[in-house]
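The values are calculated or read from the model by the stated rules, or taken from the named source; none is laboratory data. In this text the structure is predicted, and so the values were computed from the model without any measurement. Backbone-built Cβ (ideal geometry, glycine too); neighbour counts: all protein chains shown.
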Amino acid sequence: MEISVIPIGNSKGIRLSKTLLEKYNITDKVELILEKGYIILKPKSEPRNGWEKAFQKMHENGDDKLLIDDVFDDENLEEWS
């Protein structure tokens, strides 16, 4: 695919089509990798982005309770000493 380098203020840039942005899930940022004469654009993802707010909301709603006990009645904890 050939795309043009265009002026953007005092710099230059490239425009990516909506199709490419959607296909490769590119939203706000990309990682630029220089490798053996190639420029690679890799989607930058933040998989845990927003978790802190979500967990806070879960806590406020009382949805952060354990579903199963983390220690079972028949568990022998002395063997780990």
task = For residues that are among the polar types (S, T, N, Q) and in a loop (DSSP other than H, G, I, E, B), scanning just the range 41-59, find the one that is farthest from residue 24 (Cα to Cα).
result = 49
query = Pick from the range 43-75 the residues that are under 19 Å from the mean Cα position of the chain (by Cα), exposed (fewer than 10 other Cβ atoms within 10 Å of the Cβ) and not acidic (Asp, Glu): which of them is modelled with the lowest pLDDT?
reply = 47
remark   = residue 78: passes all of (1) part of a loop (DSSP other than H, G, I, E, B); (2) over 13 Å from the mean Cα position of the chain (by Cα) but (1)
ask   = If the Cβ limit is 6 Å and pairs must be 6+ apart or interchain, which residue in the range 41-59 that is farther than 30 Å from residue 17 by Cα pairs with which residue that is at pLDDT below 90?
value = 58/64
note = So, first residue without any contact (Cβ under 8 Å) to a residue 12 or more places away in the chain and aliphatic (A, V, I, L, M) in the range 1-21, second residue part of a loop (DSSP other than H, G, I, E, B) and surrounded by 10 or more Cβ atoms within 10 Å (Cβ to Cβ), Cβ within less than 6 Å, six or more apart or across chains; the pairs are 14/3
ask   = Of the conditions (1) more than 18 Å from residue 1 (Cβ to Cβ); (2) among the basic types (Lys, Arg); (3) exposed (fewer than 10 other Cβ atoms within 10 Å of the Cβ), residue 18 fails just one. Which one is it?
value = (1)
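So that you can scan it fast, the table gives a plain yes or no per residue for (1) of a type in the set (A, V, I, L, M); (2) out of contact with any Lys or Arg (no Cβ under 8 Å at 6 or more places or on another chain); (3) part of a strand (DSSP E or B):
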{"position": "22", "(1), (2), (3)": "no, yes, no"}
{"position": "27", "(1), (2), (3)": "no, yes, no"}
{"position": "33", "(1), (2), (3)": "yes, no, yes"}
{"position": "39", "(1), (2), (3)": "yes, yes, yes"}
{"position": "65", "(1), (2), (3)": "no, yes, no"}
{"position": "73", "(1), (2), (3)": "no, yes, no"}
